[in-house]
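> I am attaching a structure below and will ask some questions about it afterwards.
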Amino acid sequence: MRSSNPVFSRRGFSRDNGYAGFNTAPQAGSAAVGTQGNPYAQPQAGNPYAQNPYAQQDLQHGAPPQAPVTTRGMTIDDVVLRTGTTLGVLIVTAALAWALLPIDDANISRSYGIGIGAALIGMVLAFVQSFKRKASPALILAYAAFEGVFLGVLSNIVDNRIADGAAMQAVIGTMAVFAGVLVAYKAGWIRVNRRFYGFVMAAALGFILLMMVNLLFAVFGGGDGLGFRSGPLGVIFGVVGILLGACFLALDFKQVEDGIAYGAPREEAWLAAFGLTLTLVWIYMEFLRIIAILNSSD
């Protein structure tokens, strides 16, 4: 299953092994296409024991033939359940971090350090999962837990020291973007094809490179670096980041739709949940940054 996030793309559902089933469709009469067009279809051979070196021996001894192993394909309920579980873990750990890590003058440095450490661990876990061939629920839930700690600390700092109510505003903004993109996608207003995918990936790469350059200037030159993440320019780049997040959501929805249509294994729902969580965290962070910048300038 191809994740729609910038660094987590691996394999898709298309018959030509392209981008997540773009310009392809499952064959009529079945939720999953045949072996030539479906990377998840089980090969059908005349002899079910063709790959079993003990098959002929078993037949000679009168062993009953075994039915081929089949697995239930991924459904939308699987995706909803696993996404809800992943986001639930993230929300719980964020709430605990908010409540248990004080941000008064005596403890803010320690709390902020714990938040940064959790963010780095979450990033490592995300990269480990991205390069695994199969979804690991433990890794995905661990990522959500550590990411929740980071978001809880950061949100608490912004909400109580910069802009009262910033966290709730960012949550509402993220939910609004999610609902808006979902409606637009289901209505056909957003067409996810190869051109769309290429544009989003190119824009995301340029955005990330600019942010990395800005960070390097900030670390070695001090201040706000090149100013891409502060002041009026920071607000503009924050809006661009939210628009990119909305595009990633459309790619995530396409990923889920193709996974169901092409009969992806049930376990692939964890990858869909992973991709959706990454995208929603991205959008939330951009909203939180914009709110902080606007209130800092007052």
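The values are calculated or read from the model by the stated rules, or taken from the named source; none is laboratory data. The structure displayed is predicted, hence computed values, not measured ones. Using ideal geometry, Cβ is built from the backbone for each residue, glycine included, and neighbour counts are taken over all protein chains shown.
> Could you tell me whether any residue of segment 238-250 is in contact with a Ser or Thr (Cβ under 6 Å, 6 or more places away or on another chain) and surrounded by fewer than 20 Cβ atoms within 10 Å (Cβ to Cβ)?
no
> Based on this model, can you work out whether V192 counts as buried (at least 17 other Cβ atoms within 10 Å of the Cβ), within 20 Å of L244 (Cβ to Cβ) and in contact with a Cys (Cβ under 6 Å, 6 or more places away or on another chain)?
Numbers: buried (at least 17 other Cβ atoms within 10 Å of the Cβ): yes; within 20 Å of L244 (Cβ to Cβ): yes; in contact with a Cys (Cβ under 6 Å, 6 or more places away or on another chain): no.
Here the answer is no, as V192 does not meet what is asked.
> Limited to segment 186-197, what total is found for residues that are closer than 11 Å to L251 by Cα and either part of a loop (DSSP other than H, G, I, E, B) or of a type in the set (G, A, S) (or both)?
Looking only at that region, the number is 4.
> Which of the residues spanning segment 223-256 are within 16 Å of the chain's Cα centre (by Cα) and without any contact (Cβ under 8 Å) to a residue 40 or more places away in the chain? First the steps, then the outcome.
Step one: of segment 223-256, the residues within 16 Å of the chain's Cα centre (by Cα) are 241-256.
Answer for segment 223-256, where residues must be within 16 Å of the chain's Cα centre (by Cα) and without any contact (Cβ under 8 Å) to a residue 40 or more places away in the chain: just L243.
> Of these, L90, L101, L141, which one is over 28 Å from V239 (Cβ atoms) and at pLDDT 95 or above? Even if it seems obvious, please write down each step before you answer.
On the way: L90 fails: over 28 Å from V239 (Cβ atoms); L101 fails: at pLDDT 95 or above.
Result of the check over L90, L101, L141: L141.
> Also: Among (1) modelled with pLDDT of 95 or more; (2) closer than 17 Å to W270 by Cα, there is one condition K134 misses while meeting the rest; what is its number?
The one condition K134 does not meet is (1).
> Another question, if that's okay. Quick check on A163: is it assigned to a loop (DSSP other than H, G, I, E, B) and either surrounded by 12 or more Cβ atoms within 10 Å (Cβ to Cβ) or at pLDDT 95 or above (or both)? Even if it seems obvious, please write down each step before you answer.
On the way: assigned to a loop (DSSP other than H, G, I, E, B): yes; either surrounded by 12 or more Cβ atoms within 10 Å (Cβ to Cβ) or at pLDDT 95 or above (or both): yes.
Criteria met by A163.
> Next question. Within segment 265-272, can one find any residue that is without any contact (Cβ under 8 Å) to a residue 12 or more places away in the chain, part of a helix (DSSP H, G or I) and not acidic (D, E)?
Our first condition is that a residue be without any contact (Cβ under 8 Å) to a residue 12 or more places away in the chain; within segment 265-272, this holds for none.
Looking for residues that are without any contact (Cβ under 8 Å) to a residue 12 or more places away in the chain, part of a helix (DSSP H, G or I) and not acidic (D, E), one finds none in segment 265-272, hence no.
> Please enumerate the residues belonging to segment 75-88 that are surrounded by 20 or more Cβ atoms within 10 Å (Cβ to Cβ) and either at positive phi or not hydroxyl-bearing (S, T, Y) (or both).
First pass over segment 75-88, keeping only residues surrounded by 20 or more Cβ atoms within 10 Å (Cβ to Cβ): 78-79, 82-83, 86.
Those that are surrounded by 20 or more Cβ atoms within 10 Å (Cβ to Cβ) and either at positive phi or not hydroxyl-bearing (S, T, Y) (or both): D78, V79, R82.
> So if I check each of F146, F127, F178, which one is assigned to a helix (DSSP H, G or I), loosely packed, with under 14 Cβ neighbours inside 10 Å, in contact (Cβ under 8 Å) with a residue 40 or more places away in the chain and not aliphatic (A, V, I, L, M)?
Details: F146 fails: loosely packed, with under 14 Cβ neighbours inside 10 Å; F178 fails: loosely packed, with under 14 Cβ neighbours inside 10 Å.
Within the list F146, F127, F178, the selection yields F127.
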